[in-house]
1. Could you please put 100, 275 in sequence from largest to smallest accessible area, using a 1.4 Å probe?
2. What value in Å³ per residue do you get for the convex hull of the alpha-carbon atoms in region 11-50?
3. Using DSSP to define loop residues, name the GluC sites (Glu not before Pro) in region 26-104 whose beta-carbon has at most 13 other beta-carbon atoms within 10 Å.
4. Longer than 19 Å from Cα to Cα, which of 31/119; 191/252; 181/252; 190/250; 137/252 are they? Say none if no pair is.
5. Near residue 277, within a Cβ-to-Cβ distance under 14 Å, what is the net charge of the other residues, with Lys and Arg +1 and Asp and Glu -1?
6. How much accessible area does residue 34 have with a 1.4 Å probe, in Å² rounded to the nearest 10?
7. Given a 1.4 Å probe and heavy atoms of the protein chains only, how would you sort 140, 281, largest accessible area at the top?
8. Take the Cα atoms of region 1-138, build their convex hull, and give its volume per residue in Å³.
Amino acid sequence: MISNAIHLSELKVGVIINASSGGYDLECEHKMLDILNGAGIVDAKIWCGDADQMERSFTEATRRKLEVLVVLGGDGTIRTAAERCGAERSYLIPLPGGTMNMLARALYGDLSWEDALDKTLAAPSPKVLSGGCVADKQFFIAAIVGAPTLWTEARESIRERDIGDAIEKGTAAFRNMFETKVWYFISGGKKGEAEAVAVICPLISEEMSDSEQALEAAVIDVESAAEVIGLATAAAFGKWRDKRKILLTKTKRVDVQSSKDIPATLDGESVSLGMSAEIDFVSRALTVIAPAK
């Protein structure tokens with residue numbers, strides 16, 4: 001059992017900043033040091049670089065055997081950090097630096113990264129998260145499986161102001177949305193076909209406690225593109241019960257199949273699952289640090 005008492009100034013702390021993320025500016029590193037120093041953390045090592053330098057930064061951080069990793073970046077960077085910290089049994093402080101900021105928003109609300117870090121360092125409390133695993137990748141908020149997730153790529157192109165690419169990806173997403181179905185098999189005997197299947201973790205489920213040893217599967221079958229996109233967005237933050245035409249089931253495993261490669265988002269990051277995949281529950285997958293309540 002992890003004690004709620006934690007003294008970060010006594011632990012080995014490192015920071016990774018993704019300079020390619022939307023939340024980055026030239027003052028980030030200076031602000032980060034100021035906030036850490038103000039909390040008595042004076043020897044933190046900081047790695048700051050573009051997306052193509054993140055792998056090296058994570059490798060160097062691993063070699064230092066850190067006890068706490070602070071990460072400022074988008075959903076992909078945060079999910080990578082969460083996987084690393086879960087494997088190494090180190091603490092993670094994930095700060096919002098991207099578009100959706102799914103894990104950071106679930107933990108800290110809509111705070112800026114500076115305010116989230118300030119509040120966390122003022123009253124740090126460990127929080128153990130369970131999660132899911134699919135195709136050797138973990139997620140801690142939600143996995144959304146099916147053609148509607150292709151709209152995530154179009155949204156990223158719009159954020160980067162590449163309108164031509166956004167139109168191309170949006171057109172492809174619309175075309176694929178109703179051509180490709182997902183067959184699902186949920187442990188316990190439920191099976192069928194749908195446009196999308198979403199699997200959420202206890203951290204954001206409105207029905208499950210943080211400690212519940214299960215995932216929540218939502219089968220989404222809709223009739224219009226606008227409804228699909230809205231559900232895919234709402235699904236990521238657990239707002240299932242505001243929507244119609246959704247079958248909800250608690251489970252420890254969901255199998256999915258399709259006649260084509262299955263697109264998915266894991267905690268906001270786009271991935272391809274191939275033509276079949278198994279989504280499994282993972283207990284005590286990660287320990288994060290959040291403000292004490």
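1. Numbers: 100 30, 275 105 Å².
Reading off the accessible areas and sorting them downward yields 275, 100.
2. Numbers: hull volume 2.5 nm³, N = 40.
It is 61 Å³ per residue.
3. Numbers: sites: 27, 29, 55, 60, 67, 83, 88; in loops: 27, 67.
Those satisfying the criteria are 27.
4. Details: 31/119 15 Å; 191/252 14 Å; 181/252 22 Å; 190/250 11 Å; 137/252 16 Å.
Where the Cα-Cα span goes over 19 Å, the pairs concerned are 181/252.
5. Details: positive: 137, 253, 260; negative: 136, 255, 261, 278, 280.
Local charge sum for residue 277: -2.
6. Only protein atoms counted, so the area is about 90 Å².
7. On the way: 140 0, 281 35 Å².
Sorted descending by solvent-accessible area, the residues read 281, 140.
8. On the way: hull volume 15.3 nm³, N = 138.
Cα-based convex hull of region 1-138, divided per residue, equals 111 Å³.
The values are calculated or read from the model by the stated rules, or taken from the named source; none is laboratory data. Owing to the predicted nature of the structure, the values given are computational and were not obtained by experimental measurement. Please note: Cβ atoms are built from the backbone with ideal geometry, for glycine as well, and neighbour counts cover all protein chains shown. Note: accessible area is taken over every heavy atom of the protein model, side chains too, but ligands, DNA and RNA are not part of it. Shrake-Rupley method; radii C 1.70, N 1.55, O 1.52, S 1.80 Å.
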